[in-house]
Number of protein chains: 2
Amino acid sequence: MYNKKAYELGSVRSVIRELFEYGKKRAAEAGADKVYDFSLGNPSVAPPAEVEEAIRDLTTTTEPVKLHGYTSAQGDQGVREAIAEYIRESFGVPMTADYIYMTCGAAAALTITLNALVADKGQNVVVPAPYFPEYKVFVEAAGAEFRVCPMRTEDFSPDMDAMEKAIDSSTAAVIVNSPNNPSGVVYSKECVERICKLLGDKSAEYGHPIYLISDEPYRELVYGGEAPEYIMNHYKNTVVCYSYSKSLSLPGERIGYIAVSPEAVDAREIYLAVMGAGRALGYVCAPSLMQYVVKRCLYLSPDIASYEENRELIYGALTKMGYDCVRPDGAFYLFVAAPGGDSEAFSEKAKEYGILVVPGDGFGAPGYVRISYCVAKKTIENSLPAFEALLKEYK
Amino acid sequence: MYNKKAYELGSVRSVIRELFEYGKKRAAEAGADKVYDFSLGNPSVAPPAEVEEAIRDLTTTTEPVKLHGYTSAQGDQGVREAIAEYIRESFGVPMTADYIYMTCGAAAALTITLNALVADKGQNVVVPAPYFPEYKVFVEAAGAEFRVCPMRTEDFSPDMDAMEKAIDSSTAAVIVNSPNNPSGVVYSKECVERICKLLGDKSAEYGHPIYLISDEPYRELVYGGEAPEYIMNHYKNTVVCYSYSKSLSLPGERIGYIAVSPEAVDAREIYLAVMGAGRALGYVCAPSLMQYVVKRCLYLSPDIASYEENRELIYGALTKMGYDCVRPDGAFYLFVAAPGGDSEAFSEKAKEYGILVVPGDGFGAPGYVRISYCVAKKTIENSLPAFEALLKEYK
């Protein structure tokens, strides 16, 4: 007598975790220098020093009962005002504190948003491949059908014809994620405009808004080129799910927010539904100390120099060897066509060389593998002969 | 097009929050010294100094990428081992790290546990009055019927005949909360034994375990007398939901755990269902820094001296005036029979005297009001003439 679906979710370890555990075991057996673990998207760059300073300073300057006390359910007013101001200044949208809801990271932001938006069980949520695998778990837990639309393999942008076909009158929302996990691709302005136009047209056709959920944990992790478009500037029915996990290297602290566009249809009702969904899921408030910490660190830039160096190194080396991949402009992932075409077989073969890469099947992109290059530069350098030898098996 | 149920949950402010906001407004108008706010269960005692020291020390001695990085979904192994050891030593149950799951506080522990245990929509969860109002939200969000069984008004223990009638073959679990919010009552050993015997008998009768969810945020907040029974010692099919919110005065930090009894039927499956439910609700891991902080502070005792002083003061004064209430042995609540019998009317009348107390209706106990005495002693002292004048209105 227990929930079988929850049991299955809990007992089937994700492929990524499986690889990570394998890597730890192999490192213990063969030596850590013989394992090149590119499986996890865990930032390898430390948080900015200001983060630790803010933590220490807050513990000495703020009254403890306030510092560690409940904030209001939507987050501390001052924190939300500061974030709203940051969004206004950075992106030019009319954000206010009344539309910011602090969350325990992006995963909580997504589950809360989905539970707020999905009105009944017959609805669906459309997600272009390649996508973060937990989207499927979150969408289905909110009671909606998880509907994938395929990607264009030349640049990993959504296949717009397929997206048009995937959306129907029961579509509650579309989730986009740019910079993208697992491809590292940043959607171009044209791409964003196409998606937003389609959603606008479809909303008009069906007589109700189709919301765009923009999952943006990698927003600040872009290399050269232009900053990612701010989706709210292109589409009013947007809900942003943000996390400081990557930008401030705080993934374990679970701190992020939901920003509902104040210009969305039913914006107030959506925000209240977000509050209600958060309440029903057991989110009393986002961790209080970390709320105050991010308030002090809003304008810090992550140290992306080392990620960019890694990108240049691994992208350059692998393409020179003959691997086939799209140059990523953001996040810390490289999405590579699996030599031989079978990504699971390739991932297994790679393990023989000590290389851990994640098959793309779980990302809705069989035939590809994800390489997380948020690792020490030395790991990449040391792995290159192994990558070369591995590729030879397929020639 | 949004979730109407979530919207309703988000837009109907809880009575407690309503009172709290009213109190802030009135304090601004009439002066803070004219408002006696007994509405919120927010600890008024600061965390032990060791908590702030642990935070500062961890930021200087632990590698930041580890300190703020993802822990495994169930929580850091070392933290779970330390908590399991604490439980073994303190309560003599054979707990191991494999049955501890770190959570974002007790609310998350409850929603995750309920989502793990409720197998299908036709089930119910039985809760003796008086109860924490969010239980209803959590049980219904997990898809079960919220079924209340009445209390015995002489000591606020469950009416066992009523509980027997409330439990049927579709009962997934019973939630108990001792020390109790809102009554402050600690269930006696006999009371615990009666409940556990009933659940054992009913489990045998229906051929499946009925789980006992023990919500224990106030475990350490007891005054004199004996420590609360550890339910796992009396009933093997127990899941404990614990929080450090009250014992370490860290309610905003959202740190607690689920402990599944290793001796429960299907213990392994229940634990895996807990992991799956946590995943589906968006709980990636409990806040990492706070996991390490509580590990260092496991054996600290809360400063209950000031709560106990408050209890003596307010219980003594109110009963002397003629208010009717059961002497509370734990938590920081006093549950008082509303003079006149109508708790909402009494709460409204009390506002005229600057006194904010919560009507018991939301706790499943109309006719009573909850007084949270986790306030400054001075607030209680200053409020006593107002309490006296208020009571005169009913004489």
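The values are calculated or read from the model by the stated rules, or taken from the named source; none is laboratory data. What you see is a predicted model; the values in this text were computed from it and never measured. Positions of Cβ are generated from backbone atoms using ideal geometry, with glycine treated the same way; all protein chains shown enter the neighbour counts.
Brief remarks on what is shown
- All positions within segment B:42-67 that are under 19 Å from B:Y299 (Cβ atoms), part of a helix (DSSP H, G or I) and hydrophobic (A, V, I, L, M, F, W, C): B:A49, B:V51, B:A54, B:I55, B:L58
- Check on B:Y323, over 28 Å from B:E216 (Cβ atoms), buried (at least 18 other Cβ atoms within 10 Å of the Cβ) and not acidic (D, E): yes
- Looking only at segment B:44-56, and only at residues there that are more than 7 Å from every other protein chain (Cβ to nearest Cβ) and in contact (Cβ under 8 Å) with a residue 24 or more places away in the chain, the one that is farthest from the chain's Cα centre (by Cα): B:A54
- Look at (1) within 30 Å of B:K136 (Cβ to Cβ); (2) modelled with pLDDT of 95 or more; (3) basic (K, R) and you find that B:R327 fails only one, number (2).
- Here segment B:229-274 is the region considered, the condition is being part of a helix (DSSP H, G or I), facing chain A (nearest Cβ under 9 Å) and crowded, with 24+ Cβ neighbours inside 10 Å, and the residue that is nearest to the chain's Cα centre (by Cα) is B:P251.
- Qualifying residue in segment B:345-354 (condition: acidic (D, E) and over 19 Å from the mean Cα position of the chain (by Cα)): yes
- Filter result for B:G75 (modelled with pLDDT of 95 or more, in a loop (DSSP other than H, G, I, E, B) and among the small types (G, A, S)): yes
- Some residue of segment A:10-30 being assigned to a helix (DSSP H, G or I), buried (at least 22 other Cβ atoms within 10 Å of the Cβ) and in contact with a helix residue (DSSP H, G or I) (Cβ under 7 Å, 6 or more places away or on another chain): yes
- Any hit, segment A:85-101, residues being touching a residue at least 40 places away in the same chain (Cβ under 8 Å), hydroxyl-bearing (S, T, Y), touching a strand residue (DSSP E or B) at 6+ places or on another chain (Cβ under 7 Å) and assigned by TED's automatic domain parsing to the domain that holds A:P217: yes
- Any hit, segment B:194-202, residues being surrounded by fewer than 19 Cβ atoms within 10 Å (Cβ to Cβ), more than 17 Å from the chain's Cα centre (by Cα) and farther than 26 Å from B:P328 by Cα: yes
- Residues in segment B:1-17 that are more than 8 Å from chain A (Cβ to nearest Cβ) and touching a residue at least 60 places away in the same chain (Cβ under 8 Å): B:S14, B:V15, B:I16.
- Conditions (1) within 13 Å of chain A (Cβ to nearest Cβ); (2) within 26 Å of A:A280 (Cα to Cα); (3) in contact (Cβ under 8 Å) with a residue 40 or more places away in the chain; number of the one not met by B:Y22: (1)
- B:G69 meets all of the listed conditions (1) in contact with an Asp or Glu (Cβ under 8 Å, 6 or more places away or on another chain); (2) at pLDDT below 95 but one, namely (1).
- Annotation: of all residues in segment B:228-242 being under 15 Å from B:N180 (Cβ atoms) and not β-branched (V, I, T), the one that is modelled with the highest pLDDT is B:C241.
- Taking every residue in segment A:236-253 that is in the same structural domain as A:L212 (by TED's automatic domain parsing) and pairing it with any residue that is among the acidic types (D, E) and not in a loop (DSSP other than H, G, I, E, B), at least 6 positions away or on another chain, the pairs with Cβ-Cβ distances below 6 Å are A:C241/A:D215.
- Considering segment A:108-129, the residues that are buried (at least 23 other Cβ atoms within 10 Å of the Cβ) and touching a Lys or Arg at 6+ places or on another chain (Cβ under 8 Å) include one that is farthest from A:N177 (Cα to Cα), namely A:A108.
- Taking segment B:216-234 as the range and being acidic (D, E) and on the phi > 0 side of the Ramachandran plot as the test, no residue passes.
- Among the residues of segment A:167-190, those identified as of a type outside the set (V, I, T) and crowded, with 20+ Cβ neighbours inside 10 Å are A:A172, A:A173, A:N177, A:S178, A:P179, A:N180, A:N181, A:P182, A:S183, A:G184, A:Y187.
- Pair list, Cβ < 9 Å and 6+ apart or interchain, from segment A:107-136 residues that are more than 8 Å from chain B (Cβ to nearest Cβ) to residues that are buried (at least 24 other Cβ atoms within 10 Å of the Cβ) and of a type in the set (K, R): A:P130/A:R370
- Taking the listed residues A:A166, A:A172, the one that is closer than 25 Å to A:Q123 by Cα and either modelled with pLDDT under 95 or within 14 Å of chain B (Cβ to nearest Cβ) (or both) is A:A172, with no other qualifying.
- Test: residue in segment B:33-40 that is surrounded by fewer than 17 Cβ atoms within 10 Å (Cβ to Cβ), assigned to a helix (DSSP H, G or I) and at the interface with chain A (Cβ under 8 Å from one of its Cβ atoms): no
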